[in-house]
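Inspection log for the structure reproduced underneath, given as structure tokens.
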Amino acid sequence: MPPSTDRRADPPNQAYRLRKVRRSSVGTGLAAIGGAVAIGLISARGAGRTLDRSLHRFLNRSRGPQADAVFKGITEMGSLWACAAASAVLARAGRKRAAADALGAALAMWGVGQMLKKVTERPRPYEALEHSRLLIAEPSGTSWPSSHPAVLLAFVTVAAKDLGANEGSRAALSALAGLVGLSRISLGVHYPSDVAGGLLLGRGVADLWSSLISPKALKAAFPESPRYS
């Protein structure tokens with residue numbers, strides 16, 4: 001009797017595929033974090049610092065009260081409070097697992113960011129540069145990395161993954177994090193390298209969270225909830 005050609009007789013190994021995806025995500029996350037560290041080192045001295053400061057002056061210059069008002073309005077979308085509010089909305093909509101998962105990633109990113117700020121101790125632009133505009137209250141902590149876009153990107157990356165968002169929605173959410181990062185420069189509290197490093201860290205932490213921490217941390221709390229990819 002000839003061997004069966006029915007593909008249903010040989011189903012794909014789901015566990016193997018999941019491990020492969022997780023390994024790929026870990027690699028991507030580590031690469032993003034490595035890129036962030038490289039940006040921080042390059043921009044700390046010499047030609048890298050000169051370029052960083054020149055870009056800051058260009059992006060920090062006045063573009064009128066309307067542009068300043070827009071950036072002031074969106075900048076706190078990257079705060080932990082905003083992420084907590086978004087998590088509450090998801091939970092009330094019945095997406096409790098996604099809410100907890102995304103908020104956990106945001107908290108992890110915030111913790112990593114605070115640790116790196118203490119290690120680097122980079123002065124903020126308004127402290128180091130003459131004629132740098134500061135349009136909001138002085139924030140605590142040092143300059144590198146920028147936590148607001150990092151925290152927001154970690155949150156939306158994990159939330160979009162858990163909710164099965166399409167590529168267009170994921171790109172829009174990532175762009176929102178980038179816009180928050182731009183607001184931090186325009187408002188005078190960060191350099192471009194702070195934002196670029198923060199965005200890479202946010203993506204890296206999100207990938208590592210989803211691959212290494214979330215499957216174990218949330219499995220017991222939400223055993224009935226499927227994991228979206």
Pairs from Lys161/Lys216; Lys161/Lys219; Lys96/Lys219; Lys117/Lys161; Lys118/Lys216 whose Cα-Cα separation, in the structure shown, is over 23 Å: Lys117/Lys161; Lys118/Lys216
Inter-label distance for Ala93 and Ala38, nm, one decimal - labels placed 7 Å from Cα along Cα-to-Cβ: 3.6 nm
Rounded tilt (10° steps) of 80-92 against the dominant C-alpha axis of the chain: 30 degrees
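If contacts are Cα pairs under 8 angstrom and at least 6 residues apart, what is the relative contact order of the chain in percent?
Relative contact order for the chain comes out at 31 percent.
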Rounded to whole Hz, the Karplus (6.51, -1.76, 1.60) HN-Hα couplings of region 201-213, x for glycine and proline: 5, x, 5, x, 5, 4, 5, 5, 4, 5, 8, 10, 9
Spin-label zone in region 58-75 - amide nitrogen under 12 Å from a point set 7 Å from the Cα of Arg133 along the C-beta vector: 58-72
With Cα atoms, 0 to 90° folded angle of helix 96-120 axis to the chain main axis: 40 degrees
Per-pair calculated FRET efficiency, R0 = 30 Å: Trp81 and Arg49 via Cβ, rounded to 0.05: 0.40
Phi to ³J(HN,Hα) by Karplus 6.51 cos²θ - 1.76 cosθ + 1.60 over region 182-197, Hz, x for Gly, Pro: 4, 5, 5, 6, 4, 7, x, 9, 8, 8, x, 5, 4, 6, 4, x
Over region 12-143, relative contact order from alpha-carbon pairs under 8 Å, at least 6 apart, %: 15 percent
Region 153-206, relative contact order [Cα under 8 Å, separation at least 6], %: 50 percent
Length released on extending from Ala172 to Arg63, taking residue separation times 0.36 nm less the Cα-Cα span: 36.8 nm
Helical contribution to [θ] at 222 nm, DSSP H n ≥ 4, -39,500 (n - 2.57), averaged over the chain, rounded to 500: -22000 deg cm²/dmol
Sites Phe222 and Val26, calculated FRET efficiency, Cβ-Cβ separation with R0 25 Å, nearest 0.05: 0.70
Cα long-axis angle, helix 14-42 against the chain (0 to 90 degrees, to the nearest 10): 10 degrees
Reference-scaled alpha-carbon Rg (2.2 N^0.38 Å with N residues) for region 13-146: 1.34
Rounded Å value of the spacing that divides the Cα centres of region 22-69 and region 98-169: 12 Å
Accessible area in the full protein assembly, largest first, 1.4 Å probe, for Trp144, Trp81, Trp110, Trp209: Trp81, Trp110, Trp209, Trp144
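The values are calculated or read from the model by the stated rules, or taken from the named source; none is laboratory data. Since we're looking at a predicted model, the values are computed, not measured. Positions of Cβ are generated from backbone atoms using ideal geometry, with glycine treated the same way; all protein chains shown enter the neighbour counts. Keep in mind that these areas ignore ligands, DNA and RNA; they rest on the heavy atoms of the full protein, side chains included. Shrake-Rupley method; radii C 1.70, N 1.55, O 1.52, S 1.80 Å.
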